[in-house]
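Student: Sharing a structure with you now.
The values are calculated or read from the model by the stated rules, or taken from the named source; none is laboratory data. What you see is a predicted model, and the numbers here were worked out from it, not measured in a lab. Here the Cβ positions follow ideal geometry from the backbone for every residue, glycine too, while neighbour counts run over all protein chains shown.
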């Protein structure tokens, strides 16, 4: 089994009072002062591993801290421990400048599962604003932590959480002139990296299906560059079809029924749409220009792509119903790799100008362009669920002109809080794609 199979989570919601307005974080503007969150040591009941309890607490804190929106109150500063079921002395928590208090209890059930209960308190408002109970197998303890962090994040921001997600990417190892490229997958915080392809086959451009069941990717198996699919449960790989030319840059449609891809025929590259059920192929772009990097809008009615039809590389949008094409970008430089945000409000892109690469966003009409990051070489922006954070890769300029190091980095839509997702020392990460929330 290539995917870690997790037992079903049972989530129970309790009636709680609405959160006070001052606890809401303005993600778009960026928080000038992070909200301070205190996470108590977890209570444990039954045969609970103390390591698991400490790990869940640490992962929750790290998830929240990584957003740049929250400050974790030092454990050494926490007041006296308060058992769940007892009302906290809010004055004590105010004294350590905690705005949010999190209590949790981890219980070992008779069937070998964990039950994680947690309460979230508005310290200044002196009321409980969230309470949940989560049940999972003990081997899924780390995922319990991500789901708990998502619940806290969502309650305090009003946005969709993204901690219980994964990233698929191309892991490069070995010297730069002889790199081994393998498809790999990991949790969004870099934990649990595992390989999905072997060292023998050159692979590129992996992307998730909407239901997380399948990854579509480009494979050079038998030196024949073609699009393949990988079933994450069975590990089965299938060639997408015989299209009579090199095909690449595949992307699933929002409903998972189609795959857009680029296909080279007679030296001309166009975008086609492959219907998975009927196994039929439909041409979407025409003319003598190069057209590639398709990205569906969330409603599946439009397709962003880049083309050189204007003389240099720019981003266009195709209306799939009418067939009309609209040019979006007119700025100085070249634009590529458009990626539509899950909420439909932004299109991310790669821009190349003045010998520098940039990652940016704009609205779906091509307006309000905003650069989020720039460097020697960076590419392949991909959105987290909730449309407030992107992942991309950046390659550092080689000081010796030979060895180059590539990092997978994450940035929010304000351009603040850029950080690397930690990889093993010998692994370079390129072409990352963020998954939807795990099922």
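Student: Failed condition for residue 77, given (1) free of Cβ contacts under 8 Å to residues at least 60 places away in the same chain; (2) in contact with a strand residue (DSSP E or B) (Cβ under 7 Å, 6 or more places away or on another chain); (3) on the phi < 0 side of the Ramachandran plot, with all others met?
Tutor: Of the numbered conditions (1) free of Cβ contacts under 8 Å to residues at least 60 places away in the same chain; (2) in contact with a strand residue (DSSP E or B) (Cβ under 7 Å, 6 or more places away or on another chain); (3) on the phi < 0 side of the Ramachandran plot, the odd one out for residue 77 is (2).
Student: Of all the residues that make up segment 80-93, how many are in a loop (DSSP other than H, G, I, E, B) and touching a strand residue (DSSP E or B) at 6+ places or on another chain (Cβ under 8 Å)?
Tutor: Going through segment 80-93 one residue at a time, the tally reaches 4.
Student: Checking residue 22 against (1) out of contact with any helix residue (DSSP H, G or I) (no Cβ under 9 Å at 6 or more places or on another chain); (2) in a loop (DSSP other than H, G, I, E, B); (3) modelled with pLDDT under 95, which test does it fail?
Tutor: With (1) out of contact with any helix residue (DSSP H, G or I) (no Cβ under 9 Å at 6 or more places or on another chain); (2) in a loop (DSSP other than H, G, I, E, B); (3) modelled with pLDDT under 95 applied to residue 22, the lone miss is (2).
Student: Please work out which one of (1) in the same structural domain as residue 407 (by TED's automatic domain parsing); (2) modelled with pLDDT of 95 or more; (3) more than 26 Å from residue 435 (Cα to Cα) is the condition residue 185 fails and give its number.
Tutor: Going through (1) in the same structural domain as residue 407 (by TED's automatic domain parsing); (2) modelled with pLDDT of 95 or more; (3) more than 26 Å from residue 435 (Cα to Cα) one by one, residue 185 breaks only (3).
Student: Moving on. Of all residues in segment 285-300 being closer than 21 Å to residue 205 by Cα and over 28 Å from the mean Cα position of the chain (by Cα), which is surrounded by the fewest Cβ atoms within 10 Å (Cβ to Cβ)?
Tutor: Of everything passing the filter in segment 285-300, 290 is surrounded by the fewest Cβ atoms within 10 Å (Cβ to Cβ).
Student: State which residue is farthest from the chain's Cα centre (by Cα) when the search covers only segment 132-165 and only residues that are under 18 Å from residue 69 (Cβ atoms) and outside any helix (DSSP H, G or I).
Tutor: Residue satisfying both the conditions and the ranking: 158.
Student: Considering only segment 63-79, I want to know if a residue exists there that is buried (at least 20 other Cβ atoms within 10 Å of the Cβ) and assigned to a helix (DSSP H, G or I).
Tutor: Within segment 63-79, one or more residues are buried (at least 20 other Cβ atoms within 10 Å of the Cβ) and assigned to a helix (DSSP H, G or I).
Student: Output the strands (runs of 3 or more DSSP E) that fall wholly within segment 166-269 and possess 1 or more residues being within 16 Å of the chain's Cα centre (by Cα) and buried (at least 21 other Cβ atoms within 10 Å of the Cβ), or say none.
Tutor: In segment 166-269, 166-173, 180-187, 203-208, 214-219, 247-252 are the strands (runs of 3 or more DSSP E) which contain 1 or more residues that are within 16 Å of the chain's Cα centre (by Cα) and buried (at least 21 other Cβ atoms within 10 Å of the Cβ).
Conditions (1) within 20 Å of the chain's Cα centre (by Cα); (2) under 30 Å from residue 211 (Cα atoms); (3) in the same structural domain as residue 417 (by TED's automatic domain parsing), marked per residue:
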{"position": "306", "(1), (2), (3)": "no, yes, yes"}
{"position": "312", "(1), (2), (3)": "no, no, yes"}
{"position": "324", "(1), (2), (3)": "no, yes, yes"}
{"position": "329", "(1), (2), (3)": "no, no, yes"}
{"position": "362", "(1), (2), (3)": "yes, yes, yes"}
{"position": "366", "(1), (2), (3)": "no, yes, yes"}
{"position": "369", "(1), (2), (3)": "no, no, yes"}
{"position": "375", "(1), (2), (3)": "no, no, yes"}
